[in-house]
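Here's the structure, in structure tokens; my notes come after.
The values are calculated or read from the model by the stated rules, or taken from the named source; none is laboratory data. Computed from a predicted structure; not experimentally measured. Counting neighbours? That spans all protein chains shown, and the Cβs are built from the backbone with ideal geometry, glycine included. When the accessible area is computed, the model is the full protein with side chains, heavy atoms only, and any ligands, DNA or RNA have been set aside. Shrake-Rupley method; radii C 1.70, N 1.55, O 1.52, S 1.80 Å.
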Amino acid sequence: MPRRPLLAGNWKMHLTISEAKKLASSIAQSAADVQDRDVMISPPFTALAAVAETLSDTNIILAGQNASWAAQGAFTGDISPLMLKDAGCSMAILGHSERRHIFGESNDMINKRVQSCLSTDLVPILCIGETLEEREAENTFRVLDKQVRLGLKDVSLKTGNEIIVAYEPVWAIGTGKTASADQAQEVHAFVRNLLEDIFEKNIATEIRILYGGSVNAENVDVLMAQKDVDGALVGGAALKTESFDRIIHFQS
Ligand code: PEP
């Protein structure tokens, strides 16, 4: 079975509730004709429940931008997978480079978040990616190997649809620099092999690997044409209906 493309918008810390509802509703209109691919948006936590209501008659997927490893308790500032589900989410972005590099999240913490999402039936999107320094020192594959193996430590899956991986080179996020299609494919093929080493081959084959890092209306087609690029995780260009509309209507 071919992997179903996923076009995902990460809104980061942008938009009030009313702004979020407005954007969600225009994205829903844009995506109304889309049938052979999934569309996901990830608004800030405060807007999730309201956006879920706006999207109630659509098949747009809602995701949290992080998820706690605990179901509840004394974790000031955290949001549990159960709460995300309650607000209408079915996915959560985990280990985003901003969480790793600004907030110091470790592979171990991210692994615990992955496990708690899986046990709550929330699909984790495990983000991985090397910094510019690591790429220039030719450490890209070593870094990614560690992030994938530790992020997925002790994870067992029944199907590859239970989890998603997003390759987001840190040097390409919000910088306007995109990995070339060849660079993206090279890493995605590496990650696919790694997944085959961790899980059974039929499961690894099903897992979607998204590319993220300055994806826009101009470069989406060539990125999506790569064999192991199964979707895009989009920041800046997901905040404007026109560019996100073009992204969800990619042609390859
Ligand atoms: C992101 O936030 O995951 C991202 C890839 O951002 P941008 O598209 O703006 O580079």
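Just a few scattered comments:
- Checklist (1) within 18 Å of the chain's Cα centre (by Cα); (2) open to solvent by less than 50 Å² (accessible area, probe 1.4 Å) applied to Phe199, failing item: (1)
- Of the set (1) crowded, with 24+ Cβ neighbours inside 10 Å; (2) touching a helix residue (DSSP H, G or I) at 6+ places or on another chain (Cβ under 7 Å), all apply to Gln226 but (1).
- Looking across region 158-189 at every residue that is away from the ligand (no atom under 16 Å from the Cβ) and either β-branched (Val, Ile, Thr) or crowded, with 18+ Cβ neighbours inside 10 Å (or both), the one that is nearest to the chain's Cα centre (by Cα) is identified as Ile163.
- Number of the exception - Ser116 against (1) open to solvent by 20 Å² or more (accessible area, probe 1.4 Å); (2) away from the ligand (no atom under 16 Å from the Cβ): (1)
- Pair list, Cβ < 6 Å and 6+ apart or interchain, from region 219-248 residues that are closer than 16 Å to Ile207 by Cα and within 11 Å of the ligand (Cβ to nearest atom) to residues that are at pLDDT 95 or above and aliphatic (A, V, I, L, M): Ala232/Leu7; Ala232/Leu210; Ala232/Val215; Leu233/Ala8; Leu233/Ala166; Leu233/Leu210
- Residues that are more than 18 Å from the chain's Cα centre (by Cα) and either surrounded by 21 or more Cβ atoms within 10 Å (Cβ to Cβ) or acidic (Asp, Glu) (or both), drawn from region 17-30: Glu19, Ala20, Leu23
- If the condition is being in a helix (DSSP H, G or I), of a type outside the set (Val, Ile, Thr) and within 19 Å of Ala8 (Cα to Cα), then region 100-134 contributes only Cys117.
- Qualifying residues in region 1-16 (those that are open to solvent by 80 Å² or more (accessible area, probe 1.4 Å) and among the hydrophobic types (A, V, I, L, M, F, W, C)) - the one nearest to Ala237 (Cα to Cα): Met13
- Criterion violated by Asp145 - all others in (1) assigned to a helix (DSSP H, G or I); (2) surrounded by fewer than 19 Cβ atoms within 10 Å (Cβ to Cβ); (3) within 16 Å of the ligand (Cβ to nearest atom) satisfied: (3)
- Flag if Lys153 is farther than 27 Å from Pro81 by Cβ, touching a helix residue (DSSP H, G or I) at 6+ places or on another chain (Cβ under 7 Å) and open to solvent by 20 Å² or more (accessible area, probe 1.4 Å): no
- Of all residues in region 1-32, those satisfying the criterion of being within 14 Å of Val51 (Cβ to Cβ) and in a loop (DSSP other than H, G, I, E, B) are Trp11, His14, Leu15, Thr16.
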